[in-house]
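These notes are about the structure you will find just below.
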Amino acid sequence: NAGVMQNPRHLVRRRGQEARLRCSPMKGHSHVYWYRQLPEEGLKFMVYLQKENIIDESGMPKERFSAEFPKEGPSILRIQQVVRGDSAAYFCASSPTVGVSSYNSPLHFGNGTRLTVT
Amino acid sequence: AQTVTQSQPEMSVQEAETVTLSCTYDTSENNYYLFWYKQPPSRQMILVIRQEAYKQQNATENRFSVNFQKAAKSFSLKISDSQLGDTAMYFCAFMGTIGGAQKLVFGQGTRLTINP
């Protein structure tokens, strides 16, 4: 059973370009989380999605950032008109369900995408 | 809002020694989970140990154990007989039901170095 797959592993963009980060959750998982990790810092929650629904986007900047988790295909985190401050590692995590039973299943993390904006 | 605080940015011990990493958190919830994650240089997030808030017994996983003090909102990680492979960033994390959505809240991390 493959784990959470993120691609690309590394992404370099020039200022003003768009960055698209992909995340395929574990098989059978319908909940996806995106986190951002700045250098020497912890992971900061960005957005929580279920299939075709954004459940909580309280950690995501209001401008330039968007996320989706379509019925088919991976979840996408899109950053438009990137700036140097967007340089970070972006992690995706997935879980199977929400509710009391899901407390037994911690989030499963991908290996992250390191975005560098030049 | 839930917060998680790790007050030790860096720690360093000799191989085979025991080390304790501190973590405190703030929440008004009564039912929640606490976790310790390890992040080696590969950046992979590895679950080390987890604790259910309703359980009084401290969780243990081989050389890793926690000291969970619910009233004090403290959740420290003890690593016994430390090994070189334990060198990594360690993150304490809280999971509750926040605004109806369940998500992990992380501390700032502690960089642990095990010296030979």
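Each residue of segment B:6-21 in order: what ³J(HN,Hα) in whole Hz does its phi give by Karplus 6.51 cos²θ - 1.76 cosθ + 1.60, θ = phi - 60°, with x for Gly and Pro?
My calculation for segment B:6-21 gives 10, 8, 10, x, 9, 9, 9, 9, 7, 3, 6, 7, 9, 9, 10, 9 Hz in order.
How well do other chains shield peptide A:35-45, expressed as the mean number of their Cβ atoms within 10 Å of each residue Cβ?
For this peptide, the per-residue mean of nearby foreign Cβ atoms is 5.
Mind pulling up the Rg/Rh value for chain B? Radius of gyration and Kirkwood radius, both on Cα.
0.97
I'd like the distance between the alpha-carbon centres of segment B:42-116 and segment A:26-76, rounded to an integer number of Å.
Segment B:42-116 and segment A:26-76 have Cα centres separated by 23 Å.
Past 26 Å, Cα to Cα: identify those pairs from A:44/B:70; A:27/B:70; B:38/B:103; A:51/B:103, in the order given.
A:27/B:70
Every number in this text was worked out from the coordinates using simple rules, so none of it is lab data. Since the model is a prediction, treat every value here as computed from it, not as a measurement. When we count neighbours, we look across all protein chains shown, and the Cβ atoms used for this are built from the backbone with ideal geometry, even at glycine.
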